[in-house]
Each structure stands twice: as structure tokens, then as C-alpha cells.
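Input: a single structure, listed below in C-alpha cells.
Read-outs throughout are calculated quantities, based only on the coordinates presented, and are distinct from any laboratory measurement. As the structure is a computational prediction, the values presented were derived from the model and not from experiment. So basically every Cβ, Gly included, is an ideal-geometry build from the backbone, and we count neighbours across all protein chains shown.
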Amino acid sequence: MTDAQDAAAPRLEMRGVRKHFGGVVALDGVDLAVGAGEVHALVGENGAGKSTLMKVLSGVERADAGEMQVEGRVWRPSGPVDARRGGVAMVHQELALASHLTVAENIALGAEPGRGGPLRRFLPLDARAMRATARRVLERLGHGGIDPDRRVATLTPAARQLVEIGRALAAEARVVVMDEPTSSLGRHDADRLLEVVRRLRDDGLSIVYISHFLEEIRRVADRWTVLRDGRTVGSGAMAEVEDAGLVERMIGRSLDAVFPPRRGDAGEVALRLSGVRGRSLPAEATLEVRRGEIVGLAGLVGSGRSEMLRAIAGLDPTTSGRIELDGVEIGRRAGIPERMARGLGFLSEDRKGEGLALRMTVAENLLLSRLGPVAPGGIVSRSRVAAATERWVARLSVRSGTPERVIGTLSGGNQQKIAIARLLHQDATVLLLDEPTRGIDIGSKVEVYRLLDELAREGRAIVVAGGHLPELLGLCDRIAVMHRGVLGPARAAATCTESSLLAEAVMGSDIGDDGVQEVA
Amino acid sequence: MTSAATTGIEGSESGLDREHWVRRLARLAAPFIGLVIVVGVFTAMEPEAFLSIRNGRTIAIQTVVVGIGAIGMCFVIVSGGIDLSIGSVIALAGVAGAMALDAGTSPTVAVLVAAGTGVACGLVNGGLVTGLRIPPFIVTLGMLGIARGLAKLLADNQRIAPPAESLGWLEGFVDKTPDLAWLLVAPAVWCLLLAAILAGLVLRRTAFGVQVVAIGSSESTARLCGVPVVRTKILVYALCGLGAGLAGAVTLGRLGVGDPTTAVGLELSIIAAVVIGGASLSGGEGGILGTMIGAFMLSSLDAGCNLAGIDNSVQDIIIGGIIVVAVMIDGLRRRG
């Protein structure tokens with residue numbers, strides 16, 4: 001950020017953009033200005049208008065009112081292709097690559113049309129030129145190692161993302177819009193992508209970076225704009241705003257903090273694991289979780305976090321070790337229903353595939369794990385179903401949560417609340433939550449943090465597995481790190497830092513205790 | 001607390017009912033329109049004969065075999081499975097019942113033997129599907145061959161003809177013109193109606209029914225929620241077997257003999273009835289009322305074709321086409 005940039009006319013400017021669909025106002029006066037060589041974070045909850053705004057920018061939708069300028073000229077693209085020719089390219093959330101074509105061919109799809117007129121697409125392709133272009137743009141991204149002749153289908157998601165960005169570069173884009181670019185990437189790949197984004201910025205490109213993840217924005221963006229309900233509610237320099245300030249603008253109300261204050265003393269031990277071993281993962285898990293506390297489970301993807309929770313819940317077998325609930329052992333052969341009856345509740349990280357039956361109703365999903373109270377004698381009572389659903393929907397403030405609504409039509413955040421409500425309905429006292437805030441908007445995340453805090457204060461014991469360290473640090477009382485299937489000691493969250501957790505996740509627990517106090 | 005809970009219920013009820021009924025009516029619209037078309041076409045072709053009381057009774061009794069089978073099949077399909085063996089099991093159950101009669105048992109025992117045979121086949125189907133995790137399509141395709149072969153083997157490739165008087169009440173049970181005139185149609189038809197109502201309530205209004213729907217909708221979610229997936233699935237296939245066994249007994253009553261070659265290809269009609277009734281072959285959706293309308297539509301089609309002198313093979317083509325169209329509509333609805 002230099003003063004010169006602020007003084008110069010922005011490369012992309014949108015003023016007072018409005019767009020409505022029928023009676024629904026999607027954009028209600030949006031202002032956005034992005035300078036050259038700037039990463040501009042566009043943040044807002046789901047439905048705030050980010051996607052619509054980008055559609056207007058790329059010509060997919062036409063604005064009802066407002067002005068747009070790119071490089072000082074009036075901007076009115078007729079569609080995405082026209083937009084790309086004009087220098088504005090999109091990198092989509094759902095990757096838009098032809099998976100059967102090679103890297104070079106995909107990149108060429110975005111390139112400026114060559115000679116040949118309307119019959120050009122029937123002429124033989126210049127394979128050498130295509131490869132050269134692909135190599136050039138990939139090298140510019142710092143990933144010259146990707147073979148231009150490889151078929152895109154054989155690439156990892158991270159590499160595909162690079163190809164898509166490469167395509168934007170091949171089209172000589174000056175403004176690149178990235179919509180949740182890291183949402184399908186693991187942490188390591190996400191880091192590399194952020195590096196690429198910085199490179200592009202240093203190259204003088206303007207980047208509109210749409211993301212839910214504040215810590216990511218913090219690492220890569222220079223300036224920010226927050227949208228809420230189709231309006232720009234603020235913008236400024238990243239260096240001059242706190243996370244809480246961004247979140248408050250996004251959800252439109254004040255927050256004491258994103259995370260609730262830490263809880264006091266924990267109670268009795270509710271869950272005790274001694275040397276629990278699964279078929280392949282976890283290799284060794286020993287842990288005590290007390291009533292009234294939230295214990296975080298950190299670790300890299302594939303370290304065995306999920307497997308450990310699944311083994312406790314009875315979804316995967318254990319081969320040795322001991323699991324105790326309130327001091328009484330749970331037999332290795334105990335089935336899921338028995339464990340649930342004893343008070344274990346498990347939330348799957350795969351909400352859409354496993355956690356919820358998306359085609360069933362809100363009520364069915366909420367009550368399925370304990371139909372007894374709503375079906376006395378096995379006969380389902382519709383009034384009881386409605387009453388029970390209403391109760392949880394109100395308690396968790398699930399919006400549009402009418403009992404008979406098909407759950408797949410709710411937003412991710414509301415779906416997740418129903419999935420958590422199911423555990424409450426089944427009266428779980430020990431909650432095993434695998435990535436409870438994955439893929440939900442920031443407003444819902446804050447509500448989930450609040451809810452978990454409340455539940456802990458009510459005396460439940462909660463285990464949260466997650467890959468997002470700031471979240472674990474903010475939410476949990478203690479954190480244990482899983483490294484290659486072996487669970488390290490649980491340490492007080494106040495004594496952990498992001499880097500200490502990461503070091504332990506990468507190298508194991510025997511390294512990370514320089515001055516870190518052991519608590520377990 | 002109580003007052004709050006009560007208002008909560010009332011507050012939700014209207015919205016709850018509206019969404020609920022709109023969805024159910026939409027699902028029933030297709031089979032109902034189909035039925036109206038079939039009845040309309042044949043009434044136009046054979047105005048006198050098709051709408052006669054006699055034909056109505058024929059259609060009603062013909063609905064019984066497909067209808068009983070389709071009730072069980074509906075549970076299987078809603079749970080995300082399929083039972084291709086049902087036609088063969090009907091024949092096997094009929095043969096077993098005829099052998100019991102031949103051995104001198106009462107008709108009641110013969111019906112129980114037939115039902116038991118069906119349940120046994122269903123248990124084997126369910127056991128293999130859950131225990132060995134073989135896809136239901138394969139398991140029941142195997143059972144289709146096994147049950148048919150077993151029926152032929154037991155009957156020595158002939159019909160088993162028990163003494164005519166040994167059929168006893170079973171004959172009157174399936175007679176088109178009942179002894180008691182006020183019944184209007186065969187007692188078996190009334191029994192089907194009762195069974196259908198009961199099955200409908202079980203599927204919609206019991207915990208078991210919800211669990212069956214959940215398994216068909218997302219089996220991993222059902223497991224996660226502690227639904228006894230294995231037990232429920234075995235039960236569902238056993239239920240389908242029970243339906244097949246009873247359908248075999250009804251067939252025995254109508255034919256008077258145990259015929260190992262009866263009900264060939266009947267699985268097609270039975271599956272068609274369920275799918276026409278709004279069930280999704282990918283599981284999680286389907287209902288008994290729709291299934292019954294589907295079964296009634298198919299037997300109307302059958303009776304109409306007979307009256308109009310249309311060949312059986314043409315009927316098969318029509319039924320096959322209907323299945324494809326019904327599944328296509330299901331796919332379109334899913335996308336829309």
C-alpha cells in the first residue's frame with residue numbers, strides 16, 4: 001500500500017450498482033474500488049450479494065443501475081467471454097476446466113483469439129505455441145513444473161486451480177476475481193495458492209478475493225470491502241481493521257468478541273480414552289475430557305482426528321484400548337445405538353454425505369436418532385414432531401426451519417444447526433464434533449461458537465476436531481494435537497499458539513514443548 | 001411452558017400441513033393421471049364391456065396379486081433396494097401351498113406354508129444383501145433363478161393339483177363373485193385394501209417407517225443416527241417375501257393348482273406399480289397409496305387389453321415403456 005495507489009484512479013470501480021430479481025433486491029447500491037497491484041478482499045455472509053456482484057462484473061447479469069469502470073473506461077461486458085477479452089477474468093469456486101483436455105489446451109481456451117477469422121476454430125491448433133503459452137503463464141505463477149501435456153483430470157485440485165488462474169493470465173487479465181479459491185484445498189495447498197496470489201499482486205494485477213476465511217484474508221489482502229444485504233457497509237485498508245470489526249460489519253451487529261469468554265473450572269471426567277487404537281487410525285489416543293470443557297483436537301488432514309472421533313462413536317472399530325463414559329467402560333462391541341443411549345453424540349464432518357439426509361425434512365433429520373419421545377409406542381405423533389422441532393429450531397434460531405421443509409434447501413449454517421440440534425435432542429452429554437463450522441458462513445460460525453459455549457456451561461463435555469487453528473485457540477479450553485495417529489497431551493489453550501500447534505502437528509509432541517506447560 | 005409449547009404446535013401446523021400436502025399431492029398426480037388415461041382409453045374403445053360390473057370385479061381381483069406384492073416391494077424400494085425375485089417367489093410359494101394341500105393340510109395351514117416360504121426367501125435376500133454386502137440387484141436376481149428352479153424341482157416340472165375340495169375357504173376368498181353379495185368384490189380385495197391402509201400407516205406414521213425412509217434416503221446418515229440398518233433391511237426384505245407368499249396363496253386359490261411357471265415377469269408389473277406410484281428407484285421416496293393406484297392402473301391395462309384383444313406381448317412393451325417414463329419423470333422432478 002502506497003499513497004500513490006490511493007491517489008491514482010482505481011483500476012476497477014463500481015458505484016451504486018443495483019440489481020433485483022423479481023421482487024428480490026440482490027444488490028442495493030454497491031461501491032467497490034480496486035487499485036492496480038492490490039488484493040482486495042470482498043467479504044460478506046452467504047446471500048450478501050458477492051456472487052451477484054461478480055456476475056454483474058463479468059457480464060453474466062446486467063445491473064439495473066450504477067456505474068462500472070475498468071481502467072477509467074466505462075465497463076459493460078456482454079458476457080464472461082467479452083469480460084475476459086476486456087481484461088477481467090474469473091476463477092470460479094466450482095472449477096470450470098475441461099477435464100479431458102490437457103493443461104495447455106485448457107489454458108489456450110482462455111487466450112486471445114489468434115488469426116483465422118470465424119473459421120479459426122476449424123484450423124489445426126498450434127500445439128507448440130499452446131505449450132509455450134502454458135509454460136510461460138505457469139512459470140509466472142511460480143509453478144513451471146506442471147506438465148502442459150498432462151490431462152487436467154489427472155491433476156490435484158490445487159494444480160487445477162493453478163491452471164485456471166493460468167488461463168486468466170493467458171487472457172492478459174488485469175483484474176482477476178477469485179471466488180473462494182481455497183475452499184477445496186488442504187492447508188498446504190492453500191498456503192501455496194496464497195503465495196501465488198501475492199505474486200500476481202506484485203506483478204501489478206488487481207485481484208478481487210472472495211473468501212469466508214478471515215485469517216486467509218488477513219494474510220493476503222491489502223484492502224477490504226464488506227457487503228451486507230446487497231450494500232457496501234464499509235471498506236478500508238486491512239492493516240487498519242480488527243477481525244472483530246470485519247465480523248461485526250458482516251453480520252450487522254456488535255460482538256463482544258468472535259469467541260465467547262473462556263469457561264471456569266471443569267467438572268468430573270466424562271470421557272476417558274486410554275490407549276485407544278483403531279484399525280489403522282488412530283494409533284494411540286489417550287485423553288480425558290471433563291464436563292463443562294471444550295477440548296480441541298488439532299492435527300493435519302489425515303492425521304487421524306476424524307478417525308478417533310468415529311471410533312469413539314462406534315462408527316469405526318477399535319482394536320485395543322479402553323473408552324470410559326462417566327467412569328464406566330464402553331465395550332468394544334457396543335453398537336452405535338447403545339453408545340448414543342449412554343450419552344455420546346457425534347457430528348460428522350461430511351454434512352452433505354453423511355451428517356444429514358438431504359432429501360428428508362428438517363423434522364426427520366432432527367429427530368431421527370431418537371424417535372422414541374415423538375413416537376410413543378412406535379406411532380409417530382405429528383403434534384409431538386412439530387413441537388420438538390419447533391423447540392430446537394427456536395433454541396438454535398434456525399431460520400426457515402419449518403419442520404416439513406426439505407433440509408437440503410436450507411443454507412449450510414442452518415443445516416449444521418439442525419445437525420447439532422439432533423445431538424441435543426438425543427440428549428448427548430459428550431459431544432464429539434468433527435469440523436463443526438466447516439463450510440458455513442461467519443455469522444453462523446459465531447452462533448455455533450456461542451452455542452457450544454452454552455452447552456459446555458450446561459455441563460456437557462465437548463470435543464471439537466478441526467483444522468482451523470485460530471478457531472480451536474479461541475474456542476477451546478484445552479487442545480491436543482494428533483500427529484500420525486498418535487494423540488499428544490492436551491494443553492491449556494492459553495499456553496498454545498498457532499505456531500506451537502502447527503509445529504506439533506507437523507513434528508509430533510516431543511518437539512513442541514519449549515516452555516509449553518503440560519496440563520493433562 | 002405448556003402454553004408456549006401449544007402455540008408452537010399451532011403456529012407451525014398450517015405451514016407444516018401445506019408443504020406436506022403439496023408434496024404428497026404432487027407425487028400422487030402422475031399415477032392418478034395415468035389411471036384416468038388408461039380407463040378413458042379403454043372406455044372409449046370398449047364402452048360397454050370395460051365399465052361393466054363383471055369387468056370391474058375382474059380388475060379388482062387381478063389387482064390383488066400385484067397389489068400385495070407391490071406393498072412389500074414399496075418398502076424395499078423406499079429403503080433403497082429392489083427385489084427382482086418376487087415373481088419367482090410367488091410361484092414357489094404357490095407350489096409350496098399346493099403341496100401342503102396335497103398332503104392333506106387345511107387351507108389355513110397351506111396359506112401359512114405359502115407365506116412362510118415367501119418370508120424365508122425374503123430373509124435370505126435380506127441376509128445376503130446386508131451380511132455379504134452384495135447389491136440387492138444381484139442377490140435378488142440370483143433368487144429369481146433359485147426360487148423358480150426350486151419351484152419347478154419341487155413340482156417335478158408339472159402343476160401340482162390338490163383335490164378340488166381341499167381348497168376350502170381359499171377358493172371363496174378369491175372368487176370374483178363372493179357368496180356374500182354385500183361384499184361386492186372378492187374378500188381378498190377387501191383384505192388387500194386393509195393391508196394397504198395398514199402398510200401406509202406403518203410407512204408414514206411409525207418410527208419403523210421413518211427409519212426405512214431414512215435408510216433409503218441416506219444409509220450413512222441412518223447409521224450415524226443409530227438406526228439399526230441391518231435389522232431394518234432384513235425386515236423389509238422379509239416383509240416383501242411375506243407379500244410374495246400371500247400373493248402366491250391367492251394365485252393358488254384362483255388357479256386351483258400350484259403352477260411353477262406362473263407369475264413369470266410379474267416382478268416387472270410389481271416394480272412398475274411402485275414406481276408409477278411415485279417411488280424413486282434411488283430410494284427414500286414412495287408411498288402405498290400411489291402404489292395401489294399404480295397396481296390398479298396396471299390391472300386395468302391388463303383387463304382392457306384382454307377385452308380389446310390386444311396381445312400380451314404388446315402389454316409387456318407398454319408396461320416396460322411406462323417404467324422408463326416413470327423413472328424419467330422421477331429424474332426430472334429431482335432435477336427441477
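Figures for the structure shown
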{"quantity": "Along each principal axis, Cα extent of chain B, largest first, Å", "calculated": "68, 51, 40"}
{"quantity": "Average other protein chain Cβ within 10 Å of Cβ, residues A:342-352", "calculated": "1"}
{"quantity": "Efficiency of FRET between B:R205 and A:R450 - r from beta-carbon atoms, R0 35 angstrom, step 0.05", "calculated": "0.45"}
{"quantity": "Linear extension gain, A:D149 paired with A:R73, 0.36 nm per residue minus alpha-carbon span", "calculated": "23.5 nm"}
{"quantity": "Shielding by other protein chains, B:25-32, mean Cβ within 10 Å", "calculated": "0"}
{"quantity": "Rel. contact order, % - alpha carbon contacts under 8 angstrom, at least six apart, chain A", "calculated": "14"}
{"quantity": "Helix A:442-457 vs. chain A, principal-axis angle (Cα, 0 to 90°, nearest 10)", "calculated": "10"}
{"quantity": "Options B:I270, B:Q158, B:A308, ranked by Cα towards positive dipole end of chain B, top entry (Cβ charges)", "calculated": "B:I270"}
{"quantity": "Exposed-site-free run, longest, chain A (rule: GluC sites (Glu not before Pro); DSSP loop; at most 10 other C-beta within 10 Å)", "calculated": "A:243-520"}
{"quantity": "In nm, spacing of pseudo-spin labels at B:L112 and A:D350 (7 Å Cα→C-beta vector)", "calculated": "4.7"}
{"quantity": "Within region A:134-266, percent of DSSP bridges classed antiparallel, to nearest 5", "calculated": "55"}
{"quantity": "Cα lying deepest toward the dipole's positive end in the protein assembly as shown, options B:V129, B:V325, A:V43, charges on Cβ", "calculated": "B:V325"}
{"quantity": "Taking A:H40, A:H143 and counting other C-beta atoms within 10 Å, the order from fewest to most", "calculated": "A:H143, A:H40"}
{"quantity": "Within the protein assembly as shown, percent of DSSP bridges classed antiparallel, to nearest 5", "calculated": "55"}
{"quantity": "Charged-residue dipole, Cβ positions (Lys, Arg, Asp, Glu), chain B about Cα centre, Debye nearest 20", "calculated": "860"}
{"quantity": "In nm, spacing of pseudo-spin labels at A:D31 and B:A161 (7 Å Cα→C-beta vector)", "calculated": "9.8"}
{"quantity": "Environment charge of B:V64, counting only residues whose C-beta is closer than 11 Å and scoring Lys/Arg +1, Asp/Glu -1", "calculated": "+2"}
{"quantity": "Net charge contributed by nearby residues that have their C-beta within less than 13 Å of B:W169 (K/R +1, D/E -1)", "calculated": "-4"}
{"quantity": "Part-to-part distance (alpha-carbon centres) for region B:155-215 and region B:268-336, which is given in Å", "calculated": "21"}
{"quantity": "More than 41 angstrom apart: percent of Cα pairs within chain A", "calculated": "29"}
{"quantity": "Charge dipole (debye, nearest 20) of region A:350-427; +1 at Cβ of Lys and Arg, -1 at Cβ of Asp and Glu", "calculated": "140"}
{"quantity": "Nitroxide proxy distance, nm - points 7 Å out along Cα→Cβ at B:W21 and A:T495", "calculated": "6.4"}
{"quantity": "Those trypsin sites (Lys or Arg not before Pro) in region B:49-139 that DSSP places in a loop and that have at most 10 other beta carbons within 10 Å", "calculated": "B:R133"}
{"quantity": "Mean Kyte hydropathy of 0.5 or more with a Cα span along the axis of at least 27 Å, helices from DSSP in chain B", "calculated": "B:2-45, B:53-78, B:107-131, B:229-255, B:288-307, B:312-335"}
{"quantity": "Mean Cα-pair separation over length for region A:350-427, i.e. relative contact order, pairs under 8 Å, 6 or more apart, %", "calculated": "43"}
{"quantity": "Shielding of B:205-213 by partner chains, average beta-carbon count, 10 Å", "calculated": "6"}
{"quantity": "FRET efficiency, 1/(1 + (r/R0)^6) with R0 56 Å, evaluated for A:S383 and A:T319 via beta carbons", "calculated": "0.75"}
{"quantity": "Neighbourhood charge, 10 Å Cβ-Cβ cut-off, centred on A:S320 and excluding it, Lys, Arg +1 and Asp, Glu -1", "calculated": "+2"}
{"quantity": "For chain A, calculated [θ]222 nm from helices alone, where every DSSP H run of n ≥ 4 adds -39500 (n - 2.57)", "calculated": "-9500 deg cm²/dmol"}
{"quantity": "Which of A:L424, A:H212, A:P403, positive extreme of dipole for chain A (C-beta unit charges)", "calculated": "A:P403"}
{"quantity": "Lys, Arg +1 and Asp, Glu -1 on Cβ, resulting dipole of the protein assembly as shown about Cα centre, debye, nearest 20", "calculated": "860"}
{"quantity": "Percent RCO, i.e. relative contact order, over chain B, from Cα pairs under 8 Å lying at least 6 residues apart", "calculated": "33"}
{"quantity": "In region A:181-286, the chymotrypsin sites (Phe, Trp or Tyr not before Pro) that fall in loop regions by DSSP, at most 10 other Cβ within 10 Å", "calculated": "none"}
{"quantity": "Loop-located trypsin sites (Lys or Arg not before Pro) in region A:34-74, at most 14 other Cβ atoms within 10 Å (DSSP)", "calculated": "A:R62"}
{"quantity": "Two-site FRET efficiency, A:V233 against A:L109, from Cβ-Cβ distance with R₀ of 41 Å, rounded to 0.05", "calculated": "0.65"}
